[in-house]
Each structure stands twice: as C-alpha cells, then as structure tokens.
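Undergrad: Before anything else, here's the structure in question.
Read the figures in this text as sums done on the coordinates, not as results from a lab. From a predicted model like this one, the values you see are computed outputs, not experimental measurements. So basically every Cβ, Gly included, is an ideal-geometry build from the backbone, and we count neighbours across all protein chains shown.
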Amino acid sequence: MIEYIRIDKNQIQRIKPLWSNLINYLYDKSKNFKNEFQNKVFENRFESFLNNKEEDCLIVVVVDTDRETDIGYIAAHIFEDSGEIDSLYVNEEIQSKGIGKTLMDKALDFFSSKGIKNQFLYVSEGNEEVINFYVKFGFVIRKYYLVRK
Ligand SMILES: CC(C)(COP(=O)(O)OP(=O)(O)OC[C@H]1O[C@@H](n2cnc3c(N)ncnc32)[C@H](O)[C@@H]1OP(=O)(O)O)[C@@H](O)C(=O)NCCC(=O)NCCS
C-alpha cells in the first residue's frame with residue numbers, strides 16, 4: 001500500500017536518499033552543468049528552506065508500506081507572498097502511476113489553504129521534458145536563465 005506522510009522540517013534528513021537519486025538523475029540529464037550536481041550538498045540545498053517557519057514548510061513523503069520504504073517526496077515552502085515547489089521526486093520504478101500528481105495536488109492545496117496565489121518552481125537545464133508535467137498543473141514558462149561559461 002502507498003501512504004503519504006507529512007513530516008516536520010526537523011525530519012528533513014529522511015528525504016536525503018531520495019534527493020540523492022534526484023541529483024543523480026539531474027546529473028545524467030544535464031549537458032552543461034554536470035559538475036554542479038557532483039558537488040551538491042543536501043544540507044546546503046535545504047539550509048534556507050529550514051529557515052522558514054514550520055507552518056510555512058511542507059514535506060510529504062510517499063511510503064510503500066509493504067516494503068517499508070520511502071519511494072518519493074515533495075518539498076515546498078511559503079516565503080512572504082509566494083509559494084515555491086522546492087523539490088519533487090518519485091522513484092523510477094514507480095513513476096507514471098499518479099504519485100507525482102498526488103504530491104503536486106498536496107503542495108498546491110497547501111498554497112491555496114494559505115491564500116498563496118504566486119506559485120513557482122525551477123527546472124534544471126537538461127530536464128526540460130518535465131515542464132510538460134508542470135504545465136498540467138497550470139504552470140507556464142516565465143523566463144529563461146542564461147549563464148556564460
Ligand atoms: C516528474 C515526476 C515527479 C512525476 O511523477 P509521476 O508519479 O511519474 O507522475 P504521474 O504518474 O503522477 O503523472 C501525472 C501526469 O503527468 C504526466 N507526466 C509525468 N511525467 C511526465 C513528464 N516527464 N513529462 C510529461 N508528462 C509527464 C503523466 O503522463 C500524467 O498525465 P495524465 O494525468 O494525463 O495521465 C517523476 O516522473 C519524477 O520523479 N521524475 C524524475 C525527477 C524529476 O524530474 N523531478 C522534478 C524536478 S523539477
């Protein structure tokens with residue numbers, strides 16, 4: 001059975017193994033910035049996230065209760081009048097079964113429940129195919145961010 005569990009921000013270390021899977025995935029996808037994914041440190045990535053108030057942070061973990069294993073997560077937070085989807089990952093073998101959609105619905109409900117209308121997220125270079133997933137939830141491309149190498 002699949003369960004969705006909201007965890008407190010002080011339990012964020014629980015998503016570290018899945019976040020590492022995401023980073024490996026983004027490393028494989030990236031053409032120009034592989035080196036950045038090699039040096040990513042979980043604690044640095046979520047440092048500013050953890051500075052937010054508990055009630056402004058949402059972390060939902062997906063658990064396969066039969067195997068007692070975490071198989072996905074979403075992390076989102078509210079800062080001032082904006083809501084950001086920080087990180088989303090579903091293990092490869094369980095993708096395309098509606099879990100990502102359920103996680104997104106939970107994050108978007110979280111924003112709505114707080115009256116947050118300005119909602120955004122970033123997609124890494126190389127992972128553009130995921131944009132069509134977010135389009136299903138009403139997101140559209142706002143700008144492109146270019147870096148001189
Ligand atoms: C993106 C991701 C979270 C989606 O989760 P999922 O459980 O596979 O998605 P779902 O099964 O809930 O799919 C929901 C809908 O989005 C579509 N979809 C899923 N992944 C998609 C993709 N990469 N591109 C386009 N559409 C996609 C599905 O076809 C489905 O459409 P439908 O409702 O019309 O049938 C998951 O594929 C994943 O972890 N990918 C790798 C990591 C990643 O890219 N994370 C996002 C970083 S910004």
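Undergrad: When region 105-124 is examined, which residues are found to be in contact with a helix residue (DSSP H, G or I) (Cβ under 8 Å, 6 or more places away or on another chain) and either part of a helix (DSSP H, G or I) or within 11 Å of the ligand (Cβ to nearest atom) (or both)?
TA: Correct list: Leu121, Val123, Ser124.
Undergrad: Of the residues in region 127-148, how many are surrounded by 10 or more Cβ atoms within 10 Å (Cβ to Cβ) and acidic (Asp, Glu)?
TA: Residues meeting the conditions: 1.
Undergrad: Checking the condition surrounded by fewer than 18 Cβ atoms within 10 Å (Cβ to Cβ) and not acidic (Asp, Glu), which residue from Phe110, Phe42, Phe49 passes?
TA: Numbers: Phe110 fails: surrounded by fewer than 18 Cβ atoms within 10 Å (Cβ to Cβ); Phe49 fails: surrounded by fewer than 18 Cβ atoms within 10 Å (Cβ to Cβ).
Every option except Phe42 fails the conditions.
Undergrad: Quick check on my filter: what residues within region 54-70 are touching a residue at least 60 places away in the same chain (Cβ under 8 Å), touching a strand residue (DSSP E or B) at 6+ places or on another chain (Cβ under 8 Å) and either within 12 Å of the ligand (Cβ to nearest atom) or not polar (S, T, N, Q) (or both)? Step through it out loud before you land on a result.
TA: Restricting attention to region 54-70, the residues satisfying the condition of being touching a residue at least 60 places away in the same chain (Cβ under 8 Å) are 62-66.
If we keep only those that are touching a strand residue (DSSP E or B) at 6+ places or on another chain (Cβ under 8 Å) as well, we get 62-65.
Val62, Val63, Asp64 - these are the residues of region 54-70 that are touching a residue at least 60 places away in the same chain (Cβ under 8 Å), touching a strand residue (DSSP E or B) at 6+ places or on another chain (Cβ under 8 Å) and either within 12 Å of the ligand (Cβ to nearest atom) or not polar (S, T, N, Q) (or both).
Undergrad: Identify, from the list Ile99, Ile74, Ile7, the residue that is more than 12 Å from the ligand (Cβ to nearest atom) and either free of Cβ contacts under 8 Å to residues at least 60 places away in the same chain or surrounded by 12 or more Cβ atoms within 10 Å (Cβ to Cβ) (or both).
TA: Details: Ile99 fails: more than 12 Å from the ligand (Cβ to nearest atom); Ile74 fails: more than 12 Å from the ligand (Cβ to nearest atom).
Answer to the check: Ile7.
Undergrad: Right, next: So which residues in region 125-149 are within 11 Å of the ligand (Cβ to nearest atom) and touching a strand residue (DSSP E or B) at 6+ places or on another chain (Cβ under 8 Å), if there are any at all?
TA: Tyr134, Phe139
Undergrad: Let me ask something else. Pairs needed: first member in region 118-138, more than 16 Å from Ala75 (Cβ to Cβ); second member anywhere, near the ligand (Cβ under 9 Å from one of its atoms) and not aliphatic (A, V, I, L, M); C-beta distance under 7 Å; at least 6 residues apart or different chains.
TA: Gly126/Lys29; Asn127/Lys29; Phe133/Gly100
Undergrad: Could I ask something else about it? Which residues, counting only those in region 33-73, are more than 19 Å from Ser124 (Cα to Cα) and in a strand (DSSP E or B)?
TA: Cys57, Leu58, Ile59, Val60, Val61, Val62, Val63, Asp64, Thr69, Asp70, Ile71
Undergrad: Also: In region 77-94, what residues are closer than 24 Å to Asp28 by Cα and surrounded by 13 or more Cβ atoms within 10 Å (Cβ to Cβ)? Walk me through it before giving the result.
TA: Quick first cut of region 77-94, residues closer than 24 Å to Asp28 by Cα only: 85-94.
Across region 77-94, the qualifying residues are Ile85, Asp86, Ser87, Leu88, Tyr89, Val90, Asn91, Ile94.
Undergrad: Let me spell it out: the conditions are (1) in a helix (DSSP H, G or I); (2) in contact with a Leu (Cβ under 8 Å, 6 or more places away or on another chain); (3) not polar (S, T, N, Q), and Ile131 meets all of them except one. Which number is the exception?
TA: Unmet condition: (2).
Undergrad: Another question, then. Out of region 74-101, which residues are closer than 14 Å to Trp19 by Cα, assigned to a strand (DSSP E or B) and polar (S, T, N, Q)?
TA: Selection gives Ser87 alone.
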